[in-house]
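The values are calculated or read from the model by the stated rules, or taken from the named source; none is laboratory data. Note that the structure is predicted; figures quoted are calculated from it, not measured. Backbone-built Cβ (ideal geometry, glycine too); neighbour counts: all protein chains shown. Please note that ligands, DNA and RNA were not included when accessible areas were found on the heavy atoms of the full protein model with its side chains. Shrake-Rupley method; radii C 1.70, N 1.55, O 1.52, S 1.80 Å.
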Amino acid sequence: MSAGGGRAPREAGRRRVRLLATGGTIAGRAASGVEPGYRSGEVAVEALIDAVPGLRELAALDGEQVAQVGSQDMDDALWLKLAARVQEVFDSDAADGVVITHGTDTVEETGWFLHLVVKSDRPVVLTGAMRPATALSADGPLNLYNAVAVAADPAARGRGAIVVLNDDLHCARDVTKSSTTDVHTFISPGPGLLGSASYGRVRYFRQPPHPHTTASGFSLDGIRQLPRVDILYAHAGMTADLVRASVSLGARGLVMAGVGNGNMSTAAVRALAEAAREGVVVVRSTRVVSGDVGRNIELDDDALGLVAADQLNPQKARVLLQLCLARGMERDAVQDAFHRY
Ligand SMILES: NC(=O)C[C@H](N)C(=O)O
């Protein structure tokens, strides 16, 4: 095992897994994750690996610290860095699969980004923990064990980015965090789980039906930064002010976390239609945890110039819209992408 990104030795029949650590509660130090002043992301990658009995028996492992942040501090620059690192690891044949240790707050967004841009069939597995590494009944060690088992499993190939927590395998497209503190926080509303893992024994229930990784039209090619896309949260009595503020601050895209089926107040609708006329691409998603946002249902998207998010929640819609805008796609092409991916 090396901490600096050296290769795990190739041993006959043994899969090689690279651990890319980014921080999060899986690397947090505290008696619990709800202590005042608690900070995630303090335990280094070597210590994480050493804390899991039997981990090295699953695969030839090496670890690399890509970042050390609470995932609330993940941002576009870190996504680009992480995705580039995953791509380099695969392109140089340094590993058969990667495991990314990550905070749970935004793991769904990072996973979705990687699901769309990484060009490889090799498994990209993300895991984390709800309880700090030093807490009573820490969940990180078994999550990491299961994640390495998935990354080392040839049957995980071609399934895109997989989020593994609490014995569940989720497609990065579908997964979302549903509880602030519960260990069973991750759900995949609608499509359901991708599979399960029990002490390293992995089963798959389905293939992700939407294009991803090698079949996705997105990649890192030519992308040095991502365009600004803001998410606005709809509520009773919403005014138009924040829509206008986002546009005047330079947002090239807006995602509305609408009420119900992607609805919002009349004032907000008018402001969004105006933004769309000015060339901002506006996507209607929903603050509701499950269900699709359909086109031209309660709102006339055709007349208003809006895009419907289909199955993507606001934070996932933001990632896809950033990638679409980075590729120079216009509104109709963006709508097609929301139906396709
Ligand atoms: N459970 C966690 O990992 C929460 C932490 N704030 C993070 O996302 O990094």
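Loop sites here are GluC sites (Glu not before Pro) outside DSSP states H, G, I, E and B with no more than 14 other Cβ atoms within 10 Å. The longest part of the chain free of them is 12-277.
Measuring nothing but how far apart in sequence close Cα pairs (under 8 Å, 6+ apart) lie, relative to its length, the stretch 229-340 scores a relative contact order of 26 percent.
Fully extending the segment from residue 81 to residue 167 would add 28.1 nm, taking 0.36 nm per residue of separation and subtracting the current Cα-Cα distance. The lysines within cross-link reach of residue 177, meaning a Cα-to-Cα straight distance under 23 Å and a gap of 8 or more places when in the same chain, are 316.
Give me the log10 of I(q) over I(0) for the stretch 229-340 at q = 0.18, 0.21, 0.22, 0.23 Å⁻¹, as the Debye formula computes it from C-alpha points; what are the numbers? Log-scaled intensity ratios, in q order: -0.77, -1.10, -1.22, -1.36.
Taking every DSSP bridge with both residues inside the chain, close to 30 percent are antiparallel.
Other residues within the sphere of radius under 12 Å centred on the Cβ of residue 124, judged by their own Cβ, net out at +4 (K and R +1, D and E -1).
Taking 7 Å steps out from each Cα toward its Cβ at residue 180 and residue 73 produces label points 2.2 nm apart. Look at the dipole of the chain built from charges on Cβ: of 217, 236, 249, the Cα furthest out on the positive end belongs to 217. Once C-alpha pairs closer than 8 Å and six or more residues apart are averaged by separation and normalised to the residue number of the stretch 27-185, the relative contact order reads 25 percent. How much of the accessible area of the chain, in percent, comes from carbon and sulfur atoms when a 1.4 Å probe is used? Whole-percent figure for carbon plus sulfur exposure: 48. Residues whose amide H lies under 5 Å from that of residue 165, counting only those 5 or more places away or on a different chain, are 170; hydrogens are built 1.01 Å from N in the peptide plane.
Could you compute the net charge surrounding residue 38? Neighbours are other residues with a C-beta less than 12 Å from the C-beta of residue 38; K and R count +1, D and E count -1.
On the way: positive: 29, 39, 131; negative: 35, 42.
My count for the surroundings of residue 38 gives +1.
Under the combined filter of DSSP loop state and at most 14 neighbouring Cβ atoms within 10 Å, the stretch 168-271 retains these chymotrypsin sites (Phe, Trp or Tyr not before Pro): 199, 205. The stretch between residue 39 and residue 298, if pulled fully straight at 0.36 nm per residue, gains 88.9 nm over its current Cα-Cα span. A full extension of the chain between residue 248 and residue 236 corresponds to an added length of 2.0 nm, given 0.36 nm per residue minus the alpha carbon distance.
Give the residue list of chymotrypsin sites (Phe, Trp or Tyr not before Pro) in the stretch 29-102 that are DSSP loop and have at most 16 other beta-carbon atoms within 10 angstrom. Numbers along the way, then the final one.
On the way: sites: 38, 79, 90; in loops: 38.
Those satisfying the criteria are 38.
Solvent-accessible surface of the chain, averaged per residue with a 1.4 angstrom probe and all protein chains in place: 41 square angstrom.
For the pair the stretch 161-223 and the stretch 108-122, the centres of their Cα atoms are 11 angstrom apart. With semi-axes defined as the square roots of five times the eigenvalues of the C-alpha gyration tensor, the equivalent ellipsoid of the chain measures 36, 21, 18 Å, largest first.
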